[in-house]
Amino acid sequence: MERLDKILSATGRWSRREVKLLVKQGRILVDGRPAAAPEQKVDPAAMEITVDGADIGYRRFTYLMLHKPAGVLSAVEDKRQQTVLDLLPQELQRQGLSPVGRLDKDTEGLLLLTNDGDLTHRLLSPRYHVDKVYYARVDGRLEPSDCQAFAAGMTLGDGLKCMPAGLEILGPDEALVTLQEGKFHQVKRMLAARGKPVLYLKRLSMGDLQLDEDLQPGEFRHLTAEEVALLQR
């Protein structure tokens, strides 16, 4: 059971002050009856809550798939540069969403945004072995020895230790990189350590969740129930 004003404000469509006014005007119904007070305790999963006759569309958690474009920060806010949250409508910006992990400013591809903190932790923790797959194009010619170095795990020049990772060569300068961790600039730093600096990088998947090919850079959509179940599994 949660407070009515908390539930409605969590949708991002109304502030708590606006909910108080809606209750006073009798425009909020709970199971067909006018809400008694903003602090009224209700169960949004079991009760019908409407405003002006329309269901509020309550979700306990929100899960968005964003095709992050290059040039945008994977951050909640920044005073000087555009962030991934700036790509969303105000209603969603007010729902407490955060990116699950980070993509570099010039990297594009799959970015999950959610307010489900437990799922975020599981997806990012190396102990859960969630694969993240990237397409990389490099300056140089990739060799089988690069694949062997990735598979063995690498220690970079600054002492950073990287877990074993996958490198599948697609062409002379193209590869798929699979990581189970996400340290700062990791893909770029690992390839640079092999003498093949990255020219272009795009994340294609996280676990069983694949980037929707219909999403153009900067576009997003809600995950389906099946996709959420894949991530939770």
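The values are calculated or read from the model by the stated rules, or taken from the named source; none is laboratory data. The structure presented is a predicted model; accordingly, all values stated were derived computationally and were not measured. Methodologically, a virtual Cβ is constructed for each residue, glycine included, from the backbone with ideal geometry; neighbour enumeration extends over all protein chains shown.
Here are the numbers for this structure:
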| item | result |
| --- | --- |
| Some residue of the stretch 53-64 being over 30 Å from Ala175 (Cα atoms), touching a helix residue (DSSP H, G or I) at 6+ places or on another chain (Cβ under 9 Å) and charged (D, E, K, R) | yes |
| Residue list for the stretch 86-101, filter: surrounded by 16 or more Cβ atoms within 10 Å (Cβ to Cβ), modelled with pLDDT under 90 and outside any helix (DSSP H, G or I) | Arg94, Gln95, Gly101 |
| Qualifying position, being among the basic types (Lys, Arg) and at pLDDT below 95, among Arg141, Arg60 | Arg60 |
| Count of the stretch 68-85 residues which are exposed (fewer than 14 other Cβ atoms within 10 Å of the Cβ) and either out of contact with any strand residue (DSSP E or B) (no Cβ under 7 Å at 6 or more places or on another chain) or over 22 Å from Gly117 (Cβ atoms) (or both) | 5 |
| Search result, residues across the stretch 97-123 that are in contact with a helix residue (DSSP H, G or I) (Cβ under 8 Å, 6 or more places away or on another chain) and within 20 Å of Arg60 (Cβ to Cβ) | Leu97, Ser98, Pro99, Val100, Leu112, Leu113, Thr114, Leu119, Arg122, Leu123 |
| Residues of the stretch 132-143 classified as crowded, with 18+ Cβ neighbours inside 10 Å and not in a strand (DSSP E or B), total | 1 |
| Of the criteria (1) in contact with a Gly (Cβ under 9 Å, 6 or more places away or on another chain); (2) closer than 16 Å to Gly109 by Cα; (3) modelled with pLDDT of 95 or more, which one Gln216 fails | (1) |
| Residue ID - farthest from the chain's Cα centre (by Cα), chosen from residues in the stretch 165-189 that are in a loop (DSSP other than H, G, I, E, B) and at pLDDT 95 or above | Pro172 |
| Test for Leu201: is it closer than 19 Å to Ser125 by Cβ and buried (at least 17 other Cβ atoms within 10 Å of the Cβ) | no |
| Of residues in the stretch 71-117 being more than 13 Å from the chain's Cα centre (by Cα) and of a type in the set (Asp, Glu), the one farthest from Ala229 (Cα to Cα) | Asp78 |
| Residue ID - farthest from Leu119 (Cα to Cα), chosen from residues in the stretch 47-57 that are modelled with pLDDT of 90 or more and surrounded by 17 or more Cβ atoms within 10 Å (Cβ to Cβ) | Val51 |
| Evaluation of Asp43 against (1) without any contact (Cβ under 8 Å) to a residue 40 or more places away in the chain; (2) under 30 Å from Val228 (Cβ atoms); (3) not polar (S, T, N, Q) (one fails), failing number | (1) |
| Which listed residue, of Val76, Val84, Val100, is among the hydrophobic types (A, V, I, L, M, F, W, C), without any contact (Cβ under 8 Å) to a residue 24 or more places away in the chain and not assigned by TED's automatic domain parsing to the domain that holds Val198 | Val76 |
| Candidate set from the stretch 144-173 (those that are surrounded by fewer than 15 Cβ atoms within 10 Å (Cβ to Cβ) and of a type in the set (D, E, K, R)); member that is nearest to Leu124 (Cα to Cα) | Lys161 |
| Residue selected from the stretch 21-33 under the condition assigned to a helix (DSSP H, G or I) and exposed (fewer than 15 other Cβ atoms within 10 Å of the Cβ), by the criterion farthest from the chain's Cα centre (by Cα) | Lys24 |
| Residues of the stretch 137-180 that turn out to be among the β-branched types (Val, Ile, Thr) and on the phi > 0 side of the Ramachandran plot, as a count | 0 |
